[in-house]
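Laboratory data are not the source of any read-out in this text; all were calculated from the coordinates shown. Quantities reported herein were computed from a predicted structural model and do not represent experimental measurements. Reconstructed Cβ throughout: ideal geometry from the backbone, glycine too, with neighbour counts over all protein chains shown.
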């Protein structure tokens, strides 16, 4: 069995796999909390892969390597598709892992993987199993934080799952309509543009806000909250 770790900007996610099967899933507030959970002995794990979008994780990696062989996923790690991104060394591990996770489910097809997290990331893999790139835009909470930070009077809001009105009748509702409906409209617009160019494209949705978007998008999509972890597991098996 193997341990797969995805260190994001807000959370640390971990999964235990038996070959390609995801057996256990965990969410931690920090790498320290993950270490204290003692997953390695609990599940008799044999190897591990780490993908991270944050810096300064070396102490955590070294501590983990005292217990288990660790593959730290970076731009030099061999992957099971061709990476044509022009600045591969700047490509976030989460973006490529999500693309690989989607590609494993639909090999030989054009796919768009949308990772709705701190940022909304669009990742495209063509039918030749080549990763080309995509786009990055502010995520839901980042939009609220930006409106609060760059203005004098707008409050800091949180996502309101129950708000779906087009016309905000006060400042709070107007901010919710702009940030939430605007983000949904953006995602739908990207999907439309990709479908105009690639007729049979499959669209995958993942990330912390995947459920929010999945319930609002009027487009056929495949939602999978574990896509990044599955992609990292594919990379681990490839190596």
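Results, tabulated for the structure shown:
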quantity	calculated
Computed over region 1-92: relative contact order in percent, which uses C-alpha pairs under 8 Å that are six or more apart	26
Residue 109 paired with residue 237, simple spin-label distance in nm, labels 7 Å along Cα-to-beta-carbon	1.8
For region 156-177 versus region 89-133, the gap between their alpha-carbon centres in whole angstrom	31
Fewest-first sequence of 140, 3 by Cβ atoms within 10 Å of each Cβ	140, 3
Sequence-separation-based contact order of region 1-156, relative, with Cα cut under 8 Å and 6+ spacing, percent	15
Cα-based shape type of the chain, given that a ≥ b ≥ c are square roots of the gyration tensor eigenvalues and the cut on a/c is 1.5	oblate
Estimated 222 nm signal from helices in the chain, with DSSP H stretches of n ≥ 4 weighted -39500 (n - 2.57), rounded to 500	-9500 deg cm²/dmol
Fraction of beta bridges assigned by DSSP in the chain that are antiparallel (%, nearest 5)	60
Förster radius 35 Å - calculated FRET efficiency between residue 90 and residue 169 (Cβ-Cβ, nearest 0.05)	0.20
Residue order, fewest to most beta carbons within 10 Å, for 60, 222	222, 60
Rounded to 5, the percent of DSSP beta bridges in region 113-226 classed as antiparallel	70
Length-normalised contact order for region 142-239 - Cα pairs under 8 Å, 6+ apart - percent	17
Sorted by Cβ neighbour density within 10 Å, fewest at the top, the residues 136, 5, 191	136, 191, 5
Centre separation in Å (Cα based) which lies between region 186-226 and region 14-66	29
